[in-house]
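As structure tokens, the structure follows; a few thoughts come after it.
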Amino acid sequence: MKLDIKKRILVCIDWYEPGFKAGGPIRSVANIVNTLKDDYEFYILTSAYDLGETQPYINVPLNEWYDSDGLFLKYLDRKMLSSGAIRRNILEVNPDLIYLNSLFSKRFTLLPLITARSKGYPVLLAPRGMLGGESLHIKKSKKSTFLAISRLVGLYKKVTWHASSVIEAEDIRKKFGKKARVRIAQNIPVGQKLKLDEILKSKNVGDAKFLYMSRIAPIKNLHLAIQAIKQIKSERNVVFKIYGNIEDQEYWDTFKDEIGDFGKIKIEYCGVAKPTELHEIYLESDYLILPTKHENYGHAIVEAWSNGCPVIISKNTPWKNLHVQNLGWDIQLKNFDNLVAAVQEAVDTDFTTYVSQVRACYTYFKDVICDQEVVEANRKLFSDEN
């Protein structure tokens, strides 16, 4: 009798659960492997530290493979993050496919990629938005030089690329040519935890409550959100809660003095939200605001909709024409007044209209974003065709 042997996939990623400070990539990978673990045998090789932390995770075994609900995990501490140790771990797993989740990570992309080339392992690489124009603008000279050299030596020549949207697929082909092998599979979202009735019961006509949920870095444009909130004119009290890891302290320092109480407007920094807190935070919020310069997916946006929270975002994401779909606003940032107008319109929205937005967001997530075709597209990423 022939045994049904699952394809062995090694996932290399700088940060993974229980880490959460690195944001979207952690959630993207966790959602994929947890959804597909019955189809494939996943080994996840990662560091033992959350972003910016010097102490390893508590109650997590270090430097050893262990089974966690059907996933094989190994968290490496400092002494095991050498190139030799990374290579030994890859050879130990002897994968059928290596799945990489960064473009520039030395330990968890470049070293695995070099090992894969020497051993003939197929590679699937998700750039996680790093090839977007605004992302490449950060440390532009260094990144441009690296990409030029990588193309010259053919570093990425044989990889299959995982793009989470048509836009990201175009970004990949701009840098690596029209013949680059690109597969498009939208990220798998976290499932809905709250019922629509629970969400609707929490809504009222009191304070206007805005939410920011993302990394605090120039690419996310938090300073524009603060400026727009401070221009609101309303008899209602306005509360703007900011959640996110301060990734760029210098950027944060340029506007941190604008956080505080300003009459009817209160702006508050609430630290980094833990994954277990997200549903409650969205439940307490009326609108998510994220005027980002670039987003290849936007987990915060999708999570907002899953919890019935309309959004105010830029046009620099895959999510378009939101106003006509009653999901919020996607605005052109070239004119700051567009952002101010959207925020003001949100505050002025009557309660009946707002409830219709809540229903539309919840339904859109359930019926469109959670489409089974998204799961199937991700399943095919790891097929034998790689």
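Laid out as a table, the results:
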| read-out | value |
| --- | --- |
| Qualifying residue in segment 2-25 (condition: within 23 Å of the chain's Cα centre (by Cα), in a helix (DSSP H, G or I) and within 28 Å of residue 302 (Cβ to Cβ)) | yes |
| Filter result for residue 79 (in the same structural domain as residue 25 (by TED's automatic domain parsing), surrounded by 19 or more Cβ atoms within 10 Å (Cβ to Cβ) and among the charged types (D, E, K, R)) | no |
| Options 256, 233; residue that is surrounded by fewer than 16 Cβ atoms within 10 Å (Cβ to Cβ), touching a strand residue (DSSP E or B) at 6+ places or on another chain (Cβ under 9 Å), over 28 Å from residue 364 (Cβ atoms) and in the same structural domain as residue 328 (by TED's automatic domain parsing) | 256 |
| Residue match in segment 162-185 (condition: surrounded by fewer than 19 Cβ atoms within 10 Å (Cβ to Cβ), in contact with a Cys (Cβ under 9 Å, 6 or more places away or on another chain) and either assigned by TED's automatic domain parsing to the domain that holds residue 144 or closer than 29 Å to residue 369 by Cα (or both)) | no |
| From 42, 20, residue being crowded, with 23+ Cβ neighbours inside 10 Å, assigned by TED's automatic domain parsing to the domain that holds residue 101 and touching a residue at least 24 places away in the same chain (Cβ under 8 Å) | 42 |
| Residue satisfying all of: in segment 264-300; among the aliphatic types (A, V, I, L, M) and in contact with a Phe, Trp or Tyr (Cβ under 6 Å, 6 or more places away or on another chain); nearest to residue 20 (Cα to Cα) among these | 273 |
| Residue 320 being assigned to a helix (DSSP H, G or I) and either farther than 26 Å from residue 238 by Cβ or not assigned by TED's automatic domain parsing to the domain that holds residue 228 (or both) | no |
| Filtered residues of segment 152-173 (kept if part of a loop (DSSP other than H, G, I, E, B) and farther than 16 Å from residue 98 by Cα) | 154, 164, 165 |
| Tally, over segment 115-151, of residues that are hydrophobic (A, V, I, L, M, F, W, C) and in a loop (DSSP other than H, G, I, E, B) | 4 |
| Residue tally, condition crowded, with 18+ Cβ neighbours inside 10 Å and either basic (Lys, Arg) or more than 30 Å from residue 380 (Cβ to Cβ) (or both), over segment 124-150 | 1 |
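For every residue, the table says whether it meets (1) within 24 Å of the chain's Cα centre (by Cα); (2) surrounded by fewer than 19 Cβ atoms within 10 Å (Cβ to Cβ); (3) hydrophobic (A, V, I, L, M, F, W, C).
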residue: 315; (1), (2), (3): yes, yes, no
residue: 318; (1), (2), (3): yes, yes, no
residue: 326; (1), (2), (3): yes, yes, no
residue: 337; (1), (2), (3): no, yes, no
residue: 352; (1), (2), (3): no, yes, no
residue: 369; (1), (2), (3): yes, yes, yes
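The values are calculated or read from the model by the stated rules, or taken from the named source; none is laboratory data. Just so we're clear, the structure is a prediction, and the values are computed from it rather than from any experiment. Cβ sites come from the backbone with ideal geometry, for glycine too, and all protein chains shown count toward neighbours.
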